[in-house]
1. Does SER50 satisfy being over 21 Å from ILE102 (Cα atoms) and either touching a helix residue (DSSP H, G or I) at 6+ places or on another chain (Cβ under 6 Å) or among the polar types (S, T, N, Q) (or both)?
2. Given the condition farther than 19 Å from SER6 by Cβ and out of contact with any strand residue (DSSP E or B) (no Cβ under 7 Å at 6 or more places or on another chain), answer yes or no: does some residue in region 58-67 qualify?
3. Hey, can you tell me all the residues within region 54-93 that are closer than 19 Å to LEU28 by Cα and over 13 Å from the mean Cα position of the chain (by Cα)?
4. Looking at region 3-10, can you tell me whether even one residue there is in a helix (DSSP H, G or I) and either in contact with a strand residue (DSSP E or B) (Cβ under 6 Å, 6 or more places away or on another chain) or over 18 Å from GLY93 (Cα atoms) (or both)?
5. So, in region 94-108, exactly how many residues are under 26 Å from ARG24 (Cα atoms) and either in contact (Cβ under 8 Å) with a residue 40 or more places away in the chain or touching a helix residue (DSSP H, G or I) at 6+ places or on another chain (Cβ under 8 Å) (or both)?
6. Check whether at least one residue in region 42-60 is closer than 18 Å to ALA16 by Cα and out of contact with any Ser or Thr (no Cβ under 6 Å at 6 or more places or on another chain), and report yes or no.
7. Examine region 5-16 for a residue that is surrounded by fewer than 13 Cβ atoms within 10 Å (Cβ to Cβ), hydrophobic (A, V, I, L, M, F, W, C), under 14 Å from the mean Cα position of the chain (by Cα) and modelled with pLDDT under 95, and state whether such a residue exists.
8. SER22 versus (1) without any contact (Cβ under 8 Å) to a residue 12 or more places away in the chain; (2) in contact with a helix residue (DSSP H, G or I) (Cβ under 8 Å, 6 or more places away or on another chain); (3) farther than 15 Å from ALA106 by Cβ: which is the lone unmet condition?
Amino acid sequence: MAVRNSEALEVFLQVAADSRVSWRAVELAGRGIAADAAGVIWVMSAGKLSLDGEKLTDLLIEQGDLVDALADSWRSFDGGDISGTDFEMRLEGFVLGLEGWISRAAQG
């Protein structure tokens, strides 16, 4: 199996390595890494086999929207447009959204 680069993973790693964020943000980044990995594993091992193409496409679009929101929030924080507190709040929402996405996806 080929290695797949994930935009979400890239952002989570940047968050975890950035000295401007709180320890809570680092913790959320770790949860995000775990949730992203769980999503990839589910898609590769079960999603492609258990869902029709339309349902899987809808789920992947939903996941993509979450990742886009995460990347936009990171760019806003990195560029100084939002505070660390605002970014952390958005990060928490994204992580909860990704964890919820996995639960919904697994239920089909």
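1. no
2. Within region 58-67, one or more residues are farther than 19 Å from SER6 by Cβ and out of contact with any strand residue (DSSP E or B) (no Cβ under 7 Å at 6 or more places or on another chain).
3. ARG75, SER76, PHE77, ASP78, ILE82, SER83, GLY84, THR85, ASP86, PHE87, GLU88, MET89
4. no
5. Adding up the residues that qualify gives 8.
6. So far as region 42-60 goes, no, none of its residues is closer than 18 Å to ALA16 by Cα and out of contact with any Ser or Thr (no Cβ under 6 Å at 6 or more places or on another chain).
7. Looking for residues that are surrounded by fewer than 13 Cβ atoms within 10 Å (Cβ to Cβ), hydrophobic (A, V, I, L, M, F, W, C), under 14 Å from the mean Cα position of the chain (by Cα) and modelled with pLDDT under 95, one finds none in region 5-16, hence no.
8. (1)
The values are calculated or read from the model by the stated rules, or taken from the named source; none is laboratory data. For clarity, every value in this text was computed on a predicted model and none was experimentally measured. Note that each Cβ is placed from the backbone with ideal geometry, even for glycine, and that neighbours are counted across all protein chains shown.
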